[in-house]
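The values are calculated or read from the model by the stated rules, or taken from the named source; none is laboratory data. As the structure is a prediction and not an experimental result, all values here were calculated from the model. Backbone-built Cβ (ideal geometry, glycine too); neighbour counts: all protein chains shown. SASA here: full protein model, heavy atoms, side chains in, ligands and nucleic acids out. Shrake-Rupley method; radii C 1.70, N 1.55, O 1.52, S 1.80 Å.
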Amino acid sequence: MKLGIFAKTFEGTEPLTVLNAAAAAGFTCAQYNMACSGLPPMPETITEAQARAVGEAARESGVEIVAVSGTFNMIHPDPAVRGAGLRRLATLAERCAGMSTALITLCTGTRDPIDQWKAHADNDTPEAWRDLLEAMGAAIEIAERYEVDLGIEPELANVVNSAEKACRLIAALKSPRIKIVLDPANLFEVATLDEQRSIVSSAIELLADRIVMAHAKDRNPDGSFAPAGKGVLDYAHYLGRLKAIGFKGSLVTHGLSASEAAGVATFLKNSLDGNFAEAGR
């Protein structure tokens, strides 16, 4: 597996500055965010030169751009907000080739009007599912036009809050453009070791043929998030299950500070090598 990190972990508004920092911390790939180019995360416009600067920085730094973030609230209660997100998604997709990537990560959304990462009681309604299917249909048309894939991530606060719902969405959309970004720490809050292992194993088994990227963060015992290796997630089990399905994509960490990046890189390298004693386990 390739070891990666969210580019926006590091300060900077120039692609080469940010990607050099990722390389110095021990990473060979990154999930890019347009904020690292001094733009909004979902810009109204991206020039050809701005996109090309990302691709050139990737080549110079040796840090591959394995995805770019295209997250917006796909089931926002205001249709105008959803429409604006889709327009910006098209802007991003058009420039992916210049940035040397072909994967955009998405957020399946929530009915919360303020925070796209906050759960809402209406997320499980038929109306929310209908709006998601409509937005995803439009997103797939964009993906086909610009020959990119779309990575959705099951997470508790969003409408696709489980591996089972992700399978349901894939079956409904019938598009090979839909891929899965798997983050086990987004599939449970507080769970026993046996429970989390069961949740993680089931998710990987259900989604195996669609997993294109794996995320790496952690959970504290109280359910709050922690950097990879600093919480309760069983990384030996998680990585073992990924290896068992033949996953050879990128393992991308996030939810950490720049000062923690090198230590997390060491933990993940040791974990991938099976050296869990050296990894701190």
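Residues are listed down the side, and each one gets a yes or a no for (1) part of a strand (DSSP E or B); (2) out of contact with any strand residue (DSSP E or B) (no Cβ under 9 Å at 6 or more places or on another chain); (3) modelled with pLDDT of 95 or more:
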{"site": "205", "(1), (2), (3)": "no, yes, yes"}
{"site": "222", "(1), (2), (3)": "no, yes, yes"}
{"site": "237", "(1), (2), (3)": "no, yes, yes"}
{"site": "251", "(1), (2), (3)": "yes, no, yes"}
{"site": "256", "(1), (2), (3)": "no, no, yes"}
{"site": "261", "(1), (2), (3)": "no, no, yes"}
Index of the failed condition, residue 94 passing every other in (1) over 22 Å from residue 147 (Cα atoms); (2) open to solvent by 40 Å² or more (accessible area, probe 1.4 Å); (3) touching a helix residue (DSSP H, G or I) at 6+ places or on another chain (Cβ under 6 Å): (1)
Candidates 264, 252, 232 - the one that is over 25 Å from residue 68 (Cα atoms), in contact (Cβ under 8 Å) with a residue 12 or more places away in the chain and either surrounded by 19 or more Cβ atoms within 10 Å (Cβ to Cβ) or among the aliphatic types (A, V, I, L, M) (or both): 232
Among (1) in contact (Cβ under 8 Å) with a residue 24 or more places away in the chain; (2) more than 30 Å from residue 130 (Cα to Cα) - the single one residue 189 does not satisfy: (2)
Count of residues meeting criterion [open to solvent by 10 Å² or more (accessible area, probe 1.4 Å) and either closer than 22 Å to residue 132 by Cβ or of a type in the set (Asp, Glu) (or both)] in region 203-218: 6
Pairs with Cβ under 9 Å, 6+ apart, first in region 127-149 and outside any helix (DSSP H, G or I), second open to solvent by 70 Å² or more (accessible area, probe 1.4 Å): 147/97; 148/97; 149/176
Residue in region 197-212 that is at positive phi and free of Cβ contacts under 8 Å to residues at least 60 places away in the same chain present: no
Selected residue (criterion: farthest from residue 135 (Cα to Cα)) from residues of region 148-160 that are open to solvent by 10 Å² or more (accessible area, probe 1.4 Å) and in contact with a helix residue (DSSP H, G or I) (Cβ under 7 Å, 6 or more places away or on another chain): 156
Residues of region 97-126 that turn out to be in a loop (DSSP other than H, G, I, E, B), within 22 Å of residue 175 (Cα to Cα) and either in contact with a Ser or Thr (Cβ under 6 Å, 6 or more places away or on another chain) or hydrophobic (A, V, I, L, M, F, W, C) (or both), as a count: 3
Residue list for region 24-54, restricted to those being in contact (Cβ under 8 Å) with a residue 40 or more places away in the chain, surrounded by 18 or more Cβ atoms within 10 Å (Cβ to Cβ) and not in a loop (DSSP other than H, G, I, E, B): 29, 30, 31, 32, 34, 50, 51, 54
Filter pass, residue 140 being of a type outside the set (S, T, N, Q), modelled with pLDDT of 95 or more, closer than 30 Å to residue 57 by Cβ and under 16 Å from the mean Cα position of the chain (by Cα): no
